[in-house]
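Trainee: Have a look at the structure that comes next, please.
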Amino acid sequence: MKTPELKPCPFCPDWLAAVPGYEGKYWATKAGEIINKNGLAIEPYDNGYGYLIVDLYADGKQKHKRVHRLIAEAFVPNPFNLPEVNHKDENKHNNSVSNLEWCDSSYNKRFGSGRKRRSEGLRKVWEMRRRVTDEKA
């Protein structure tokens, strides 16, 4: 799937851009907010994995969208058509443009402390399994 070319919003200041696919209904800010057509910021919620989500509506249908993805699609050029968006500071709630970059899956998994966090998570799983096994014995 080819990423659409970034097109400037003719009436928007440089810190505001139309959300691709929702032009005229929603705008993204460089600070990481999504604004509706009434000029109000949409309150995001955590999806349970640390990512902020907003609900957008088009043609009477509701879609759950990750805020960082919407911000990147609106502001961050993606000339190599990379599939994922990385948070440079590893804070999934920091969706400002300066904190986002396009990357591939391999880079995103290796970035920062990702390996350490995953290994700690696996260690906890194995400890829980060992406790359950010991209790049954």
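The values are calculated or read from the model by the stated rules, or taken from the named source; none is laboratory data. What you see is a predicted model, and the numbers here were worked out from it, not measured in a lab. Because the Cβ atoms are built from the backbone with ideal geometry, glycine has one as well, and the counts that use them run over all protein chains shown.
Trainee: Identify the residue in the stretch 1-17 that is surrounded by 10 or more Cβ atoms within 10 Å (Cβ to Cβ) and over 19 Å from Pro79 (Cα atoms) and, among all such residues, is modelled with the highest pLDDT.
Mentor: The selected residue is Leu16.
Trainee: Across the stretch 74-103, what is the number of residues that are in contact (Cβ under 8 Å) with a residue 40 or more places away in the chain and in a loop (DSSP other than H, G, I, E, B)?
Mentor: Total satisfying the criteria: 8.
Trainee: From Arg123, Arg118, which residue is under 16 Å from Tyr49 (Cα atoms) and modelled with pLDDT under 75?
Mentor: When all the criteria are applied, what remains is Arg118.
Trainee: Would you tally the residues in the stretch 38-50 being touching a strand residue (DSSP E or B) at 6+ places or on another chain (Cβ under 7 Å) and either over 22 Å from Trp15 (Cα atoms) or part of a loop (DSSP other than H, G, I, E, B) (or both)?
Mentor: Of the residues in that region, 5 qualify.
Trainee: Please state which one of Glu90, Glu73, Glu33 is touching a Ser or Thr at 6+ places or on another chain (Cβ under 7 Å), surrounded by 13 or more Cβ atoms within 10 Å (Cβ to Cβ) and among the charged types (D, E, K, R).
Mentor: None of the others qualify; the one that does is Glu90.
Trainee: Quick one: Leu56 ticks every box in (1) in contact (Cβ under 8 Å) with a residue 24 or more places away in the chain; (2) of a type outside the set (Phe, Trp, Tyr); (3) out of contact with any Lys or Arg (no Cβ under 9 Å at 6 or more places or on another chain) bar one, so which box is it?
Mentor: Leu56 satisfies every listed condition except (3).
Trainee: Something else: Pairs please, first residue from the stretch 23-49 and in the same structural domain as Ser96 (by TED's automatic domain parsing), second anywhere and of a type in the set (Val, Ile, Thr) and in a loop (DSSP other than H, G, I, E, B), Cβ atoms under 7 Å, 6+ apart in sequence or on different chains.
Mentor: So the pair list comes out as Tyr26/Val19; Trp27/Val19; Ala28/Val19; Ile34/Val19; Ile34/Ile42; Asn36/Ile42.
Trainee: Among the residues of the stretch 51-73, are any polar (S, T, N, Q), at pLDDT 95 or above and outside any strand (DSSP E or B)?
Mentor: no
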